[in-house]
Amino acid sequence: MEVARRKEHRAAAAALLFAVVVLGVLAGGAGVRAFEDGTAVYIVTMKQAPVFHRRLNLEKFGSSRVANAGGGGSGGGGGAGDTPSTSVLRRPRHGSAKPMNYGSYLIRLQNLLLKRTLRGEHYIKLYSYHYLVNGFAVVISPQQADKLSRRNEVANVMLDYSVRTATTHTPEFLGLPQGAWVQEGGPQFAGQGVVVGLIDTGIDPTHPSFADDLSTDSYPVPAHYSGICEVTNDFPSGSCNRKLVGARHFAASAITRGVFNASQDLASPSDSDGHGTHTASIAAGNHGIPVVVAGHQFGNASGMAPRAHIAVYKALYKSFGGFAADVVAAIDQAAEDNVDIISLSITPNRRPPGLATFFNPIDMALLSAVKAGIFVVQAAGNTGPSPKSMSSYSPWIFTVGASAHDRVYNNYVVLGNNLTIQGVGLAPGTDGDSMYSLIAAPHALKNNTVSPTEMSLGECQDSSRLDADLIKGKILVCSYSIRFVLGLSSVKQALDTANNVSAAGVIFYLDPFVLGFQLNPTPMRMPGLIIPSSDDSKVFLTYYNDSLVRDETSGRIVRFDAVAKILGGLNPNYGNSAPKVMFYSARGPDPEDNSLSNADILKPNLIAPGSSIWGAWSSLGLDSAEFAGESFAMLSGTSMAAPHVAGLAALIKQKFPSFSPAAIASALSTTTTLSDRQGKPIMAQRTYSNPDSTQSPATAFDMGNGFVNATAALDPGIIFDCGYNDFFSFLCGINGSSPVVTNYTGNSCAASTMTGADLNLPSITIAVLNQTRTITRTVTNVAADESYTVSYSAPYGTVVSVAPAQFVTPSGQKQLVTFVVNATMNSSTASFGSVGFYGDKGHQAIIPFSVISKVVYSS
């Protein structure tokens with residue numbers, strides 16, 4: 001614990017320095033002035049190699065000066081014991097060297113550049129990047145940015161941009177207790193020694209999901225991790241432990257813009273949103289934590305890798321989301337701290353401009369992270385179900401879409417006319433078989449006043465205007481309008497209203513203007529439900545209105561004859577139609593640029609549970625008003641799917657510590673499930689409204705390789721490996737990319753014709769098949785000697801041949817497989833097939849084969 005205290009003291013000093021800088025900026029009005037006079041935040045990268053690249057170069061040439069190639073600050077990121085081998089399959093990434101001088105040297109050069117170029121001018125330097133990226137974030141004018149861009153030392157100058165969040169029975173659904181966890185020795189060992197870095201909205205360190213004292217087993221902080229724990233008033237000393245091993249925050253860009261709300265966003269790793277606490281617990285929260293919400297017990301929660309360690313890098317905030325400059329700083333720090341996995345449940349607010357979607361500061365920083373041996377997983381985005389709606393682009397990033405799982409919480413209301421309507425609501429039912437009178441809030445105003453014009457009254461937001469004597473013992477009927485979606489009204493306030501007027505329960509009907517919005521089951525301490533269908537809501541209202549008895553002369557209501565009972569929704573039901581791709585999950589094909597040209601890259605990589613996921617919730621969480629004050633919340637989104645895969649990747653990293661990021665990606669991708677629990681094809685929802693009525697079989701552009709299979713991924717048999725040099729050649733192969741690649745990487749392109757289809761990925765995607773194409777893949781055997789047979793299903797409109805059709809691979813050896821693809825028709829409609837590698841010892845690797853446009857030349 002003494003080491004932890006020293007790290008906390010260093011972090012406190014760093015946080016104080018940051019605060020002084022920020023206060024200095026704001027006190028002088030510079031933060032406001034910066035955006036009133038046309039200045040903005042720019043991300044500047046320099047040509048000189050960053051710390052990690054420098055170290056690798058020195059290792060490659062056998063220099064004895066490797067120890068002098070480290071970073072400043074507390075970072076390590078590897079040591080002199082690493083070999084120069086390009087195959088991380090045989091090179092553990094962890095090292096211990098922590099030299100100081102080269103990173104400090106880069107920062108001095110950055111400062112000198114700014115002083116010389118902008119001599120006598122006003123600017124604010126926000127960050128120095130030095131580990132994965134050599135550069136800085138700075139507040140300057142467009143004219144100053146132009147000056148910097150013309151300096152020989154400068155590689156690239158780019159305007160900062162905004163990002164956003166992409167917002168547990170799932171261990172059982174994924175088969176972990178009987179499968180993957182057993183292979184790791186049980187949940188008490190699953191993931192131990194692996195550090196998952198989460199770039200999100202922070203964490204609640206007091207939550208039991210992140211305690212380190214739930215077991216007497218040895219649980220040391222991994223020796224390779226060198227991060228620190230910030231200490232602030234709302235993130236006090238002792239917040240970190242052997243589970244939560246590091247925590248920092250990054251907000252300089254946001255603060256300088258004047259959008260940071262200090263009382264709500266918190267300049268610390270503390271999570272005032274809830275999203276970060278939720279995602280961290282999905283990836284690596286402790287095993288067996290009771291889920292109690294609204295006084296009801298919903299079982300026990302566990303992360304995917306419950307014994308893995310968590311490092312938090314807060315770069316997203318409740319008020320505004322986040323900015324690339326802050327996210328890049330978080331990525332750079334996480335890599336320097338030597339995390340094993342980076343999980344980002346964030347996506348850009350817009351498609352990156354320029355030559356290709358891959359060329360943006362976040363993706364290029366993540367490319368360097370992959371070069372450093374870090375597996376990177378990102379949410380696909382919640383912009384589906386349209387084609388090309390993908391928000392995660394690059395082939396070195398593992399992109400995860402969202403699926404439903406087999407647990408649902410159904411609630412029902414039975415009407416007096418014997419109609420039963422389905423609803424959502426984690427609530428008890430009304431007592432027994434008794435039927436209760438229904439009364440709508442606008443019909444229950446005090447002093448027999450007329451129906452209100454204020455929407456809030458119909459939404460049951462104000463009990464002071466309601467007649468409690470009239471409502472007592474009845475079920476209160478409330479409208480659920482767009483104001484609930486916008487956060488202007490809340491279910492929690494309506495429940496308080498119902499309780500204040502002694503209602504027997506509450507029913508919400510859906511306003512017809514609320515379209516395409518998925519309602520998660522909402523916790524209620526009293527009988528209640530929300531009718532999520534506008535059609536069902538009309539049926540309900542018709543019955544209610546037809547049952548009103550009015551005075552024939554005045555039209556005033558004299559009797560409420562509509563009755564109903566609520567069955568309750570506290571007990572889950574388990575179905576066989578899962579998994580299925582959720583309507584909001586972003587879809588491929590992967591857009592290569594802003595003209596929406598298709599890339600030869602499959603996105604998403606796969607799908608994982610993302611719908612109605614229980615996870616830990618921050619005590620300060622404001623993101624979901626319905627769960628305010630609760631310790632767990634149920635959320636949906638690709639934000640929830642990504643940390644599932646981050647946790648499963650930790651299990652693979654634990655079993656195969658020398659696997660490269662691509663090897664981990666391959667193990668996850670080639671072992672997926674392609675059918676639901678009934679053995680039928682996985683389905684994909686196609687529309688926002690009534691999504692289950694429009695679903696059809698999922699394609700590779702909906703689900704990637706398929707639904708993640710945690711247990712099979714721990715025994716993949718063969719893998720498709722790929723490294724930084726391959727991705728570099730791919731980028732160089734983009735027409736006109738050479739100067740952009742050099743600007744981002746510091747390396748010059750040689751002649752390259754490589755496309756995404758040529759990368760050794762566990763998928764084959766061809767955007768345009770001009771008559772014929774030869775594709776190769778190299779598989780590496782990571783199991784015992786085995787004989788494989790290759791079979792395939794050709795995409796419609798193509799003919800495929802493969803050689804060899806059979807091969808034997810000794811353990812650790814590689815095999816080249818060649819595919820020749822010929823178009824047999826002209827078509828711009830995507831078609832899909834697959835390739836299967838079937839081993840005689842039970843291993844099998846299935847990869848999707850997608851061809852979009854097919855062109856046949858006429859003779």
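The values are calculated or read from the model by the stated rules, or taken from the named source; none is laboratory data. Quantities reported herein were computed from a predicted structural model and do not represent experimental measurements. Here the Cβ positions follow ideal geometry from the backbone for every residue, glycine too, while neighbour counts run over all protein chains shown. Heavy atoms of the whole protein, side chains included, go into the accessibility calculation; ligands, DNA and RNA do not. Shrake-Rupley method; radii C 1.70, N 1.55, O 1.52, S 1.80 Å.
Here's the yes/no breakdown for (1) closer than 28 Å to PHE707 by Cβ; (2) at pLDDT 95 or above; (3) open to solvent by 30 Å² or more (accessible area, probe 1.4 Å):
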{"site": "THR780", "(1), (2), (3)": "yes, yes, no"}
{"site": "SER791", "(1), (2), (3)": "yes, yes, yes"}
{"site": "THR824", "(1), (2), (3)": "no, yes, yes"}
{"site": "PHE832", "(1), (2), (3)": "yes, yes, yes"}
{"site": "GLY839", "(1), (2), (3)": "yes, yes, no"}
{"site": "ILE847", "(1), (2), (3)": "yes, yes, no"}
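Looking across LEU714, LEU759, one residue alone is farther than 26 Å from MET158 by Cβ and touching a helix residue (DSSP H, G or I) at 6+ places or on another chain (Cβ under 6 Å). It is LEU714.
Screening segment 523-589 for strands (runs of 3 or more DSSP E) wholly inside it with 2 or more residues that are buried (at least 19 other Cβ atoms within 10 Å of the Cβ) and at pLDDT 90 or above returns the ranges 528-530, 563-566. With respect to (1) assigned to a strand (DSSP E or B); (2) open to solvent by 40 Å² or more (accessible area, probe 1.4 Å), the lone exception for ILE421 is condition (2).
Give me the residue from segment 674-686 that is farther than 23 Å from PHE849 by Cβ and open to solvent by 50 Å² or more (accessible area, probe 1.4 Å) and, out of that set, farthest from the chain's Cα centre (by Cα). Top of the filtered list is GLN678. Summed over segment 476-507, residues that are within 32 Å of the chain's Cα centre (by Cα) and part of a helix (DSSP H, G or I) total 9.
Let me spell it out: the conditions are (1) modelled with pLDDT of 95 or more; (2) open to solvent by 10 Å² or more (accessible area, probe 1.4 Å); (3) touching a helix residue (DSSP H, G or I) at 6+ places or on another chain (Cβ under 9 Å), and HIS224 meets all of them except one. Which number is the exception? Single failed check for HIS224: (3).
Scanning segment 593-611 for residues that are surrounded by fewer than 24 Cβ atoms within 10 Å (Cβ to Cβ), part of a loop (DSSP other than H, G, I, E, B) and touching a strand residue (DSSP E or B) at 6+ places or on another chain (Cβ under 9 Å) yields a single hit, SER597.
In segment 340-360, the residues that are closer than 20 Å to ALA646 by Cα form Cβ pairs under 9 Å with partners that are open to solvent by 60 Å² or more (accessible area, probe 1.4 Å) and not aromatic (Phe, Trp, Tyr), at six or more places apart or across chains, as follows: ASP340/HIS94; ASP340/PRO657; ILE346/ARG164; THR347/ARG164; PRO348/ARG164.
Would segment 390-402 turn up any residue that is surrounded by fewer than 24 Cβ atoms within 10 Å (Cβ to Cβ) and outside any loop (DSSP other than H, G, I, E, B)? So far as segment 390-402 goes, no, none of its residues is surrounded by fewer than 24 Cβ atoms within 10 Å (Cβ to Cβ) and outside any loop (DSSP other than H, G, I, E, B). If we scan segment 643-659, do we find a residue that is more than 25 Å from THR206 (Cα to Cα), of a type in the set (Phe, Trp, Tyr), assigned to a loop (DSSP other than H, G, I, E, B) and at pLDDT below 95? Looking through segment 643-659, none of the residues is more than 25 Å from THR206 (Cα to Cα), of a type in the set (Phe, Trp, Tyr), assigned to a loop (DSSP other than H, G, I, E, B) and at pLDDT below 95.
Return yes when THR671 is surrounded by fewer than 21 Cβ atoms within 10 Å (Cβ to Cβ) and either under 21 Å from PRO589 (Cβ atoms) or in contact with a Gly (Cβ under 9 Å, 6 or more places away or on another chain) (or both) and no when it is not. Taking the combined requirement at face value, the residue does not satisfy it.
Scanning segment 336-357 for residues that are hydrophobic (A, V, I, L, M, F, W, C) and over 18 Å from the mean Cα position of the chain (by Cα) returns LEU355, ALA356.
The rows are residues; the columns are (1) open to solvent by 40 Å² or more (accessible area, probe 1.4 Å); (2) at pLDDT below 90; (3) assigned to a strand (DSSP E or B); (4) under 30 Å from THR420 (Cβ atoms).
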{"site": "LEU438", "(1), (2), (3), (4)": "no, no, yes, yes"}
{"site": "ASN447", "(1), (2), (3), (4)": "yes, yes, no, no"}
{"site": "VAL450", "(1), (2), (3), (4)": "yes, yes, no, no"}
{"site": "THR453", "(1), (2), (3), (4)": "yes, yes, no, no"}
{"site": "LEU457", "(1), (2), (3), (4)": "no, yes, no, yes"}
{"site": "GLN461", "(1), (2), (3), (4)": "no, no, no, yes"}
{"site": "SER464", "(1), (2), (3), (4)": "yes, no, no, no"}
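Report yes if LEU620 is surrounded by fewer than 22 Cβ atoms within 10 Å (Cβ to Cβ), out of contact with any strand residue (DSSP E or B) (no Cβ under 6 Å at 6 or more places or on another chain), part of a loop (DSSP other than H, G, I, E, B) and at pLDDT below 90, otherwise no. It would help to see each step written out before you state the result.
Details: surrounded by fewer than 22 Cβ atoms within 10 Å (Cβ to Cβ): yes; out of contact with any strand residue (DSSP E or B) (no Cβ under 6 Å at 6 or more places or on another chain): yes; part of a loop (DSSP other than H, G, I, E, B): yes; at pLDDT below 90: yes.
Criteria met by LEU620.
So, of the residues in segment 227-246 that are of a type in the set (Gly, Ala, Ser) and either open to solvent by 20 Å² or more (accessible area, probe 1.4 Å) or outside any strand (DSSP E or B) (or both), which turns out to be nearest to THR201 (Cα to Cα)?
Going through segment 227-246, the residues of a type in the set (Gly, Ala, Ser) turn out to be 227, 237-239, 246.
Now drop any that are not either open to solvent by 20 Å² or more (accessible area, probe 1.4 Å) or outside any strand (DSSP E or B) (or both), which leaves 227, 237-239.
Values: GLY227: 18, SER237: 20, GLY238: 20, SER239: 16 Å.
Looking at the filtered set, the residue picked out is SER239.
Taking segment 286-316 as the range and being in a strand (DSSP E or B), small (Gly, Ala, Ser) and over 23 Å from ILE346 (Cα atoms) as the test, the residues that pass are GLY299, ALA301. Taking every residue in segment 525-554 that is of a type in the set (A, V, I, L, M) and pairing it with any residue that is part of a loop (DSSP other than H, G, I, E, B), at least 6 positions away or on another chain, the pairs with Cβ-Cβ distances below 6 Å are LEU529/GLY425; ILE530/GLY425; ILE530/LEU519; VAL549/ASP561. The residue list PHE189, PHE210, PHE173 contains one member that is within 15 Å of GLY647 (Cβ to Cβ) and either modelled with pLDDT of 90 or more or not hydrophobic (A, V, I, L, M, F, W, C) (or both), which is PHE210. Residues in segment 140-161 that are among the aliphatic types (A, V, I, L, M) and farther than 20 Å from ALA365 by Cβ: ILE140 only. Among the residues making up segment 304-318, those that are more than 15 Å from the chain's Cα centre (by Cα) and within 18 Å of GLY193 (Cβ to Cβ) are ALA305, PRO306, ARG307, ALA308, HIS309, ILE310, ALA311.
For ASP715, are the conditions met, namely being over 25 Å from GLY839 (Cα atoms) and either open to solvent by 40 Å² or more (accessible area, probe 1.4 Å) or part of a helix (DSSP H, G or I) (or both)? So ASP715 does not fit the description; no.
Restricted to segment 150-165, and to residues that are farther than 30 Å from HIS278 by Cβ and in contact with a Leu (Cβ under 9 Å, 6 or more places away or on another chain), which residue is surrounded by the most Cβ atoms within 10 Å (Cβ to Cβ)? It would help to see each step written out before you state the result.
Start the filter on segment 150-165 by keeping residues that are farther than 30 Å from HIS278 by Cβ, which leaves 150-159.
With the extra rule that they be in contact with a Leu (Cβ under 9 Å, 6 or more places away or on another chain), the set shrinks to 151, 153-154, 157.
Working: ARG151: 15, GLU153: 16, VAL154: 19, VAL157: 22.
Step by step, filter segment 150-165, then rank; the result is VAL157.
Just one of (1) in a loop (DSSP other than H, G, I, E, B); (2) out of contact with any strand residue (DSSP E or B) (no Cβ under 7 Å at 6 or more places or on another chain); (3) of a type outside the set (Gly, Ala, Ser) fails for MET364. It is (1). Note on segment 793-808: residues that are of a type in the set (S, T, N, Q) and surrounded by 14 or more Cβ atoms within 10 Å (Cβ to Cβ) total 1. Could you run through segment 718-748 and say how many residues are under 19 Å from PRO762 (Cα atoms), in a helix (DSSP H, G or I) and open to solvent by less than 20 Å² (accessible area, probe 1.4 Å)? Number satisfying all stated conditions: 3.
Is there a residue in segment 759-775 that is surrounded by fewer than 12 Cβ atoms within 10 Å (Cβ to Cβ) and part of a strand (DSSP E or B)? The answer is yes; a qualifying residue exists. Restricting attention to segment 288-316, the residues being within 30 Å of TYR42 (Cβ to Cβ) and open to solvent by 10 Å² or more (accessible area, probe 1.4 Å) number 0.
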